[in-house]
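The values are calculated or read from the model by the stated rules, or taken from the named source; none is laboratory data. If you're wondering where the values come from, they're calculated on a predicted model, not measured in any experiment. As a convention, Cβ positions derive from the backbone with ideal geometry for all residues, glycine included, and neighbour counts pool all protein chains shown. Each accessible area value is taken on the protein alone, full model and side chains, heavy atoms only, with ligands, DNA and RNA left out. Shrake-Rupley method; radii C 1.70, N 1.55, O 1.52, S 1.80 Å.
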Amino acid sequence: MPTAASNSTLENSYEFPLFDAEFMNRTILPLEQQSQISLLHEEIKEFTNPYTDVLNELTEAAERGESKVAAEWFRKALHYNLSVSSKKNGLMTVLAYKELVSGGNQLTTENLRLSHLLGWCLELQHCTILITDDIIDNSTTRRDQLCWHRRDDVGLNAINDALLFENGIYELLRRHFRHLHCYVQLLELFQQNTFKCMLGQSLDMLISRRNVSTFSVEAYTSIVRNKTSSHFFYLPIALALHLAGIREQQIYDDCERITFEFGNFCQAQNDFLDCFGDPNETGKLGTDIQANKCTWLAVKCMERADERQRSIMEKFYGKNDPQEVARVKELYEELDLIEIYTKYEKETYNNIETMIFQACNGAPRKTLLKMLNQINQRDIK
């Protein structure tokens, strides 16, 4: 099994740990001057290599049900939803694993393939979540193409397809990871994070049925922790830690703390782009205002609004009429929320960067930094 004996020394949380030369010599520039750190083309290409194998294995598993028609449909659904993924989240598991075991003898061809397959399990989980989220939100487009449930030949059958995607995760885990000591931990990670995400989805939906006057920072934070932070950011890192055989609890705790802040940063950005982003860049049409979502913008607006402005929000927020949606956006601009968000983005980036540098030895700092920069420069397709 992949194991990694970590010789990391846990550092005091308020002291900077020892960095390698690359980190010690790095100049931290203001956000607007930082060069974008992009994923290497070869890394994406390498991660994509098992894609056909994943499709074939899951199709073969479906064929065991003696229904070739259903198996062919499953393959079609997989290809439609997986092929347009940016692959960034799944790739982060690979990059974290490679960083964690660098310098040792664990980076074999087989272990690297296992890290790729874990990344594809993560991509399957994200498809499960995004398909159900699009149905709940009645979204139209995702990643520059029609949402799966919006296709005439799919409709609400997408719910069953999402369940097939989720079970595909456990089929791949059973086939490739059952012989490893970390098998149970991997199963539990996917189960627990799917559960957390669905709780977050439920809370998101329930709060969207309430009047905007009831929105709070506490409710918003709870949605983000469960719906965004756990599976999009903590899970890729936790999977790599378990595959690498990391046992130090402090490493897991630091990664969880940092990735929770990733979730806050990413969700605030997502909320901002849903309202003010260009659909040609984001890959989807914004619907948060119409859907009465408890977003970063809505919460900030209600915090800053006077009585007149609050009454405008209560009257127009959650309405489908384009003029009413435009009135909410005008109020956001009136309250300088664009400028406030811009300041928040810069401050949050710098705070998370500091947290990464302060993480204990043994944490995959380079991968965490790459994740941070991907959020900062991302589109949301």
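General remarks:
- Leu206/Lys76 FRET efficiency (R0 41 Å; Cβ-Cβ; nearest 0.05): 0.80
- Scanning residues 5 or more positions from Arg142 or on other chains, those with amide H under 5 Å from its amide H are Cys147, with H placed 1.01 Å from N in the peptide plane.
- Across the accessible surface of the chain, with the other protein chains kept in place and a 1.4 Å probe, carbon and sulfur atoms take up 49 percent.
- Tensor-based shape of the chain (alpha-carbon gyration tensor, a/c under 1.5 rounded, otherwise prolate or oblate): oblate
- Cα-Cα over 27 Å, subset of Lys87/Lys300; Lys293/Lys346; Lys98/Lys293: Lys87/Lys300; Lys98/Lys293
- The chain: DSSP helices with Cα axial extent of at least 15 Å and average Kyte-Doolittle hydropathy no lower than -0.5: 51-63, 68-82, 88-101, 109-137, 157-177, 183-207, 249-276
- Solvent exposure of Arg75, expressed as accessible area, is near 80 Å², computed with a probe of 1.4 Å over the protein chains only.
- Three-way shape label, the stretch 141-291, alpha-carbon gyration tensor, a/c 1.5: oblate
- About its Cα centre, the stretch 225-381 has a charge dipole of approximately 480 debye under the convention of +1 per Lys or Arg Cβ and -1 per Asp or Glu Cβ, with nothing else charged.
- Between the stretch 128-148 and the stretch 311-332, the Cα center-to-center distance that results, in Å: 24
- Extension reserve of the Ser213-Ser83 stretch, reckoned as 0.36 nm per residue once the Cα distance is removed: 42.7 nm
- Normalised contact order of the chain, rounded percent, pairs of Cα under 8 Å and 6 or more residues apart: 25
- For the stretch 101-142, the solvent-accessible area works out to 34 Å² per residue, with a probe of 1.4 Å and every protein chain left in place.
- Mean Cα-pair separation over length for the stretch 84-125, i.e. relative contact order, pairs under 8 Å, 6 or more apart, %: 61
- Debye, to nearest 20: dipole size of the chain, +1 on Lys, Arg Cβ, -1 on Asp, Glu Cβ: 520
- 1.4 Å probe accessible area per residue over the stretch 281-381, in Å²: 44
- For the stretch 255-381, the relative contact order is 32 percent, taking Cα pairs closer than 8 Å that sit 6 or more residues apart in sequence and dividing their mean separation by the residue count.
- Unit charges at the beta carbon, dipole of the chain: most positive-side option, Thr48, Val184, Gly318: Val184
- Highest-first packing order for the peptide set 64-70, 44-50, 83-89 is 83-89, 44-50, 64-70, based on the mean count of other beta carbon atoms within 10 Å.
- The stretch 277-301 versus the stretch 150-227: alpha-carbon centroid distance in Å: 21
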